[in-house]
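Undergrad: Quick one: this structure, given as structure tokens, is what I'll be asking you about.
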Amino acid sequence: MHPLVAAAPLPPTASRFAGVAASPVREILALTARPDVISFAGGLPAPELFDVPGLRSAYDRVLTDSPGRALQYSTTEGDADLRSAVAERLTVRGLPTEADDLVITTGSQQALTLMATALLEPGAVVLVEDPCYLAALQTFGFAGARVVPVPTDDDGIIPAALEEIAGRERVTMLYLIPTFQNPTGRTLPGSRRAAVAEAAARHGFWIVEDDPYGELRYDGDPVQSVAFLPAAADRTVLLGSFSKVMAPGLRLGHLRAPAALRRSCVIAKQAADLHTSTIDQAAAARYLRDSDLDAHIGTMRTVYRERRDALLAGLPAALPVGSRWNRPEGGMFVWVNLPEGYDATELLTTAVGHRVAYVPGAPFYSGAPDKGAVRLSFTTHSPEEIGEGLLRLARAFA
Ligand code: PMP
């Protein structure tokens with residue numbers, strides 16, 4: 001600043017930040033990165049399971065065979081080979097899909113932003129499961145949407161509650177994680193999926209079906225995607241991700257949407273980042289051609305199943321009498337409700353003192369929170385470490 005010029009105050013950050021809080025437990029969770037802390041807090045895939053040789057060879061092949069293409073700008077819709085491979089995988093899973101039905105996104109997180117840009121006017125009503133994935137709530141908050149929580153039980157969203165809310169609100173979008181939900185690990189049964197699709201058709205709203213965890217199933221039978229149900233096939237957008245089955249650092253996701261909405265998403269994506277990293281898309285496409293992703297997912301399932309079972313086996317001794325928890329058939333999370341009087345946010349400091357961490361459930365609610373709710377992730381520690389972490393948790397809760 002020149003000494004003779006009086007400094008005027010700078011304009012403040014945009015008002016859209018006013019309604020969007022950072023997570024209140026971020027500072028405490030920063031401590032959980034300490035190596036002596038056993039953390040059930042993250043939502044991370046186990047890094048030792050990344051297929052490093054397979055990915056290295058995919059990047060090598062791409063840079064050897066087509067460096068000019070792999071390092072060049074590309075189309076906003078995404079790599080043609082990758083879109084074909086994703087379409088084939090969705091088709092095999094029972095959801096007939098063409099490459100042109102898809103847009104590759106920079107993680108499924110970007111797909112949420114694109115949906116918000118394409119569909120949400122300020123004040124638009126977005127229905128969410130209560131509790132719901134936090135970064136989705138942030139995205140809808142930045143768009144100026146009015147988030148309305150829909151009550152849930154152990155099977156996810158309650159159709160009668162959805163019907164009641166949709167009857168009195170002008171709903172634009174329902175955001176749903178029907179399989180192995182974040183944060184609860186819950187899966188919406190087929191009959192409820194049908195009821196949700198019928199409600200969308202009757203009341204006229206979009207369904208955004210977010211499915212980053214569906215392929216991580218450890219037991220039970222797959223439940224058909226909401227996008228497959230005829231009642232709402234014309235109004236359901238399906239989001240997928242390579243983060244949990246390949247590696248989150250690739251930042252590769254995809255969205256499958258009806259043509260008109262897909263065009264809007266492509267325009268929104270042009271403005272956001274032109275396109276997702278060309279080399280990462282090409283390497284992922286090459287990986288899908290040369291390696292066996294399903295075999296890799298099979299390995300992940302075996303390891304995660306063992307870790308989930310270790311967590312479930314140790315919970316009765318670790319938690320206070322009167323606690324409740326679920327037994328998810330897949331995904332990364334177990335949801336715990338501590339008994340009346342326990343505040344999981346307050347107890348987190350004590351837990352970190354005992355060198356164990358978790359995520360309190362309260363911030364995930366947009367309605368009245370259950371202060372005793374806890375999200376436990378089981379993916380990043382061995383069964384032995386999980387056992388030790390639960391001993392520490394028992395001492396913290398004692
Ligand atoms: N949706 C849900 C439900 C998630 O849990 C996550 C990440 N944990 C994302 C979307 C974003 O994932 P990504 O951008 O890595 O695909």
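The values are calculated or read from the model by the stated rules, or taken from the named source; none is laboratory data. The structure displayed is predicted, hence computed values, not measured ones. Using ideal geometry, Cβ is built from the backbone for each residue, glycine included, and neighbour counts are taken over all protein chains shown. Accessible surface is based on the protein model in full, side chains and every heavy atom, while ligands, DNA and RNA are left aside. Shrake-Rupley method; radii C 1.70, N 1.55, O 1.52, S 1.80 Å.
Undergrad: So, residue 183, is that one within 13 Å of the ligand (Cβ to nearest atom), open to solvent by 10 Å² or more (accessible area, probe 1.4 Å), under 30 Å from residue 18 (Cα atoms) and in contact with a strand residue (DSSP E or B) (Cβ under 6 Å, 6 or more places away or on another chain) or not? Before the answer, list the steps.
TA: Working: within 13 Å of the ligand (Cβ to nearest atom): yes; open to solvent by 10 Å² or more (accessible area, probe 1.4 Å): no; under 30 Å from residue 18 (Cα atoms): yes; in contact with a strand residue (DSSP E or B) (Cβ under 6 Å, 6 or more places away or on another chain): yes.
Against the criterion (within 13 Å of the ligand (Cβ to nearest atom), open to solvent by 10 Å² or more (accessible area, probe 1.4 Å), under 30 Å from residue 18 (Cα atoms) and in contact with a strand residue (DSSP E or B) (Cβ under 6 Å, 6 or more places away or on another chain)), residue 183 does not qualify.
Undergrad: Related question: Can you tell me which residue is nearest to the chain's Cα centre (by Cα) among those in the stretch 193-214 that are on the phi < 0 side of the Ramachandran plot and open to solvent by 40 Å² or more (accessible area, probe 1.4 Å)? Before you say what the answer is, go through the steps one by one.
TA: Quick first cut of the stretch 193-214, residues on the phi < 0 side of the Ramachandran plot only: 193-203, 205-214.
With open to solvent by 40 Å² or more (accessible area, probe 1.4 Å) added as a condition, the list becomes 198, 201-203, 206.
Working: 198: 24, 201: 25, 202: 27, 203: 26, 206: 18 Å.
Checking each candidate, the answer is 206.
Undergrad: Can I ask one more? Somewhere in the stretch 335-350, is a residue out of contact with any helix residue (DSSP H, G or I) (no Cβ under 8 Å at 6 or more places or on another chain), under 28 Å from residue 50 (Cα atoms) and not in a loop (DSSP other than H, G, I, E, B)? Show your work before the answer.
TA: In the first step, residues of the stretch 335-350 are kept if they are out of contact with any helix residue (DSSP H, G or I) (no Cβ under 8 Å at 6 or more places or on another chain); the result is 335, 337, 339-341, 343, 346.
Among the residues that remain, those that are also under 28 Å from residue 50 (Cα atoms) are: 335.
Those still in the list that are not in a loop (DSSP other than H, G, I, E, B) too: 335.
Checked the stretch 335-350: at least one residue is out of contact with any helix residue (DSSP H, G or I) (no Cβ under 8 Å at 6 or more places or on another chain), under 28 Å from residue 50 (Cα atoms) and not in a loop (DSSP other than H, G, I, E, B).
Undergrad: Has the stretch 152-173 got at least one residue that is among the acidic types (Asp, Glu), closer than 30 Å to residue 17 by Cα and within 16 Å of the ligand (Cβ to nearest atom)? I'd like the intermediate steps shown before the answer.
TA: Taking the stretch 152-173 and keeping what is among the acidic types (Asp, Glu), we get 153-155, 163-164, 169.
Now narrow it down to the ones that are closer than 30 Å to residue 17 by Cα: 169.
Keeping just the survivors that are within 16 Å of the ligand (Cβ to nearest atom) gives none.
No, the stretch 152-173 has no match at all.
Undergrad: Just to be sure I understand, how many residues within the stretch 100-140 are more than 13 Å from the ligand (Cβ to nearest atom), on the phi < 0 side of the Ramachandran plot and open to solvent by 30 Å² or more (accessible area, probe 1.4 Å)?
TA: Of the residues in that region, 7 qualify.
Undergrad: So, in the stretch 264-284, of the ones that are closer than 29 Å to residue 206 by Cβ and among the small types (Gly, Ala, Ser), which residue ends up surrounded by the fewest Cβ atoms within 10 Å (Cβ to Cβ)? Outline the logic, then answer.
TA: Taking the stretch 264-284 first, the residues closer than 29 Å to residue 206 by Cβ are 264-277, 280-281, 284.
Those left that are additionally among the small types (Gly, Ala, Ser): 264, 268, 271-272, 277, 284.
On the way: 264: 15, 268: 19, 271: 10, 272: 17, 277: 18, 284: 28.
Once the filter is applied, the top-ranked residue is 271.
Undergrad: Go through the residues of the stretch 232-244 one by one and say whether even a single one is closer than 22 Å to residue 135 by Cβ, in contact with a helix residue (DSSP H, G or I) (Cβ under 8 Å, 6 or more places away or on another chain), in contact (Cβ under 8 Å) with a residue 24 or more places away in the chain and not in a strand (DSSP E or B).
TA: If we filter the stretch 232-244 for residues that are closer than 22 Å to residue 135 by Cβ, which is where we start, we get 236-244.
Right, trim to in contact with a helix residue (DSSP H, G or I) (Cβ under 8 Å, 6 or more places away or on another chain) and you get 236-243.
So of that shortlist, the ones also in contact (Cβ under 8 Å) with a residue 24 or more places away in the chain come out as 236-243.
Then keep just the ones that are not in a strand (DSSP E or B); that gives 242-243.
Yes, the stretch 232-244 contains at least one residue that is closer than 22 Å to residue 135 by Cβ, in contact with a helix residue (DSSP H, G or I) (Cβ under 8 Å, 6 or more places away or on another chain), in contact (Cβ under 8 Å) with a residue 24 or more places away in the chain and not in a strand (DSSP E or B).
Undergrad: Now, a different point. Just give me the residues in the stretch 54-82 being open to solvent by 20 Å² or more (accessible area, probe 1.4 Å) and either assigned to a loop (DSSP other than H, G, I, E, B) or hydroxyl-bearing (Ser, Thr, Tyr) (or both), in sequence order. Talk me through it step by step, then tell me what you get.
TA: Pass one, the stretch 54-82, residues open to solvent by 20 Å² or more (accessible area, probe 1.4 Å): 55-57, 59-61, 63-69, 71-75, 77, 80-81.
Residues satisfying the conditions are 57, 59, 64, 66, 71, 72, 73, 74, 75, 77.
Undergrad: Has the stretch 149-169 got any residue that is over 23 Å from residue 195 (Cβ atoms) and of a type in the set (D, E, K, R)? Can you show your working first?
TA: As a first pass, look at the stretch 149-169 and keep what is over 23 Å from residue 195 (Cβ atoms): none.
No; the residues of the stretch 149-169 include none that is over 23 Å from residue 195 (Cβ atoms) and of a type in the set (D, E, K, R).
Undergrad: Restricting the search to the stretch 145-182, which residues are among the β-branched types (Val, Ile, Thr) and touching a Pro at 6+ places or on another chain (Cβ under 7 Å)? I'd like the intermediate steps shown before the answer.
TA: So in the stretch 145-182, the residues among the β-branched types (Val, Ile, Thr) come out as 147-148, 150, 152, 157-158, 165, 171-172, 177, 179.
Listed by number, the list holds a single entry, 158.
Undergrad: Of everything in the stretch 264-284, what is more than 22 Å from the chain's Cα centre (by Cα) and either at pLDDT below 95 or in a helix (DSSP H, G or I) (or both)? Give them in sequence order. Outline the logic, then answer.
TA: Initial filter on the stretch 264-284 (more than 22 Å from the chain's Cα centre (by Cα)): 264, 267, 270-271, 274, 278-279, 282-283.
Within the stretch 264-284, 264, 267, 270, 271, 278, 279, 282, 283 meet the criteria.
Undergrad: Still on this structure: When both residues are 6+ apart or on different chains and their Cβ atoms are under 7 Å apart, which pairs have a first residue that lies in the stretch 263-287 and is within 16 Å of residue 102 (Cα to Cα), and a second that is open to solvent by 20 Å² or more (accessible area, probe 1.4 Å) and β-branched (Val, Ile, Thr)?
TA: 268/117; 275/75; 276/106
Quick grid of which residues meet (1) over 30 Å from residue 306 (Cα atoms); (2) buried (at least 18 other Cβ atoms within 10 Å of the Cβ); (3) touching a His at 6+ places or on another chain (Cβ under 9 Å):
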| site | (1), (2), (3) |
| --- | --- |
| 234 | yes, no, no |
| 241 | no, yes, yes |
| 256 | yes, yes, no |
| 262 | yes, yes, no |
